[in-house]
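Here's the structure we're looking at; comments come further down.
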Amino acid sequence: MTSGPALPVPTWFVGCGNMAGAMVAGWRMAGVDLSNAIAIRPSATPVEGVRTVPTISDAGRPPQLVVLGFKPQKLDEIAPQLRQFLTSKTIVVSILAGVEAASLRHRFPGVGSIVRAMPNLPVAIRRGVVALYSEDSDEPARQLLSNLFAPLGYVPWVSDEAKLAAVGSVGGAGPAYVARFIAALTKAGEKRGLSRELAQTVALETVLGTAWMAASSGEDMESVARRVASPNGTTEAGLAVLDRDQVLDQLIAVTIEAAARRGAELAEEAKAPQLAESARLS
Ligand SMILES: NC(=O)c1ccc[n+]([C@@H]2O[C@H](COP(=O)([O-])OP(=O)(O)OC[C@H]3O[C@@H](n4cnc5c(N)ncnc54)[C@H](OP(=O)(O)O)[C@@H]3O)[C@@H](O)[C@H]2O)c1
């Protein structure tokens with residue numbers, strides 16, 4: 001049985017690996033009708049519930065919506081093949097990290113609207129974040145995309161591209177950092193004598209439970225920490241280490257700065273020569 005918003009007919013996923021595949025999984029879980037979606041991936045690895053073809057020319061009827069789900073480095077290989085199938089009515093949604101709207105518009109000059117989406121992997125279980133940004137989409141297109149992405153999690157529109165990059169640094173990459181934190185908690189549990197399985201489950205459930213509690217109550221993190229740490233108790237002794245010289249804040253800040261620098265490099269690489277030159281002169 002299908003329910004909820006419908007994908008425009010047809011919708012193409014050009015590239016359907018980890019991230020676009022996670023979006024498809026979230027929509028499948030939400031009961032969204034995928035029968036008119038086509039996944040284009042050279043390996044033709046099947047995507048459950050979606051017709052999968054190896055090349056763009058096998059995809060058939062031109063799309064109303066195209067989701068660009070390949071790596072940013074593939075843009076100049078794929079754009080010339082794709083362009084001929086797109087019209088002034090096509091909506092292009094790009095999940096390519098770092099590739100700016102102007103760079104996409106340069107590759108797809110005639111399309112109706114270009115929207116950048118910054119998703120994260122938990123969209124696969126409908127608890128993701130998908131930030132959206134567009135310079136040229138009209139209200140009906142925005143409404144369509146808001147409705148379409150809503151089943152995947154929290155879907156804010158952001159007003160400028162710097163904010164999209166910021167959401168990408170925190171939310172897009174965030175699951176990797178949270179995974180490292182859970183792994184570190186797990187290792188600490190093992191060091192204290194727990195089996196790996198027990199330590200990992202305790203770490204996972206603690207992160208999940210804390211996030212869930214704070215998300216459902218709206219309580220701020222300082223208050224959560226204070227409620228765990230009684231004065232002069234064990235947690236307070238631990239927090240004194242994490243808080244000393246704001247060591248954790250600093251570590252996360254430099255981590256995110258490193259990712260943001262890489263994002264800026266990718267944006268630069270994806271600029272067409274003319275765009276890069278005018279950006280350099282401005
Ligand atoms: N991973 C994340 O958490 C995340 C978060 C936010 C944004 N993103 C963005 O998502 C995009 C994809 O990342 P990913 O992690 O999903 O990478 P991935 O798993 O490597 O997926 C890349 C996809 O592109 C396909 N592809 C390669 N060459 C192609 C071609 N010539 N024509 C059509 N499709 C082609 C691959 O096909 P095969 O399946 O046949 O190999 C694969 O399906 C990137 O631009 C990234 O910036 C990722």
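Numbers for the structure displayed
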{"quantity": "Complete set of residues in segment 77-91 that are within 11 Å of the ligand (Cβ to nearest atom) and within 22 Å of the chain's Cα centre (by Cα)", "calculated": "78, 79"}
{"quantity": "Tally of residues being crowded, with 16+ Cβ neighbours inside 10 Å and outside any helix (DSSP H, G or I) across segment 183-213", "calculated": "1"}
{"quantity": "Residue satisfying all of: in segment 130-174; touching a helix residue (DSSP H, G or I) at 6+ places or on another chain (Cβ under 6 Å) and open to solvent by 40 Å² or more (accessible area, probe 1.4 Å); farthest from residue 264 (Cα to Cα) among these", "calculated": "135"}
{"quantity": "Residues (touching a strand residue (DSSP E or B) at 6+ places or on another chain (Cβ under 9 Å) and not polar (S, T, N, Q)) located in segment 26-44", "calculated": "26, 27, 28, 34, 37, 38, 39, 40, 41, 44"}
{"quantity": "Scan of segment 118-165 for residues that are among the hydrophobic types (A, V, I, L, M, F, W, C), in contact (Cβ under 8 Å) with a residue 40 or more places away in the chain and under 23 Å from residue 87 (Cβ atoms), ordered by number", "calculated": "141, 144, 145, 148"}
{"quantity": "Filter pass, residue 180 being within 16 Å of the ligand (Cβ to nearest atom), over 22 Å from residue 264 (Cα atoms), in a helix (DSSP H, G or I) and among the basic types (Lys, Arg)", "calculated": "yes"}
{"quantity": "Segment 109-120 - residue that is under 23 Å from residue 157 (Cβ atoms) and over 20 Å from the mean Cα position of the chain (by Cα) and, of those, least open to solvent (accessible area, probe 1.4 Å)", "calculated": "111"}
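Here's the yes/no breakdown for (1) farther than 18 Å from residue 95 by Cβ; (2) near the ligand (Cβ under 10 Å from one of its atoms); (3) of a type in the set (A, V, I, L, M, F, W, C); (4) in contact with a Gly (Cβ under 7 Å, 6 or more places away or on another chain):
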position	(1), (2), (3), (4)
8	no, no, no, no
34	no, no, yes, yes
41	no, yes, no, yes
44	yes, yes, yes, no
48	yes, no, no, no
57	yes, no, no, no
61	yes, no, no, no
73	no, yes, no, no
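The values are calculated or read from the model by the stated rules, or taken from the named source; none is laboratory data. Everything numeric here is computed off the predicted structure, so don't read it as measured data. Glycine gets a Cβ as well: all are built from the backbone with ideal geometry, and neighbour counts include every protein chain shown. The protein model used for the area step is the full one, side chains on, heavy atoms only, and it has no ligands, DNA or RNA in it. Shrake-Rupley method; radii C 1.70, N 1.55, O 1.52, S 1.80 Å.
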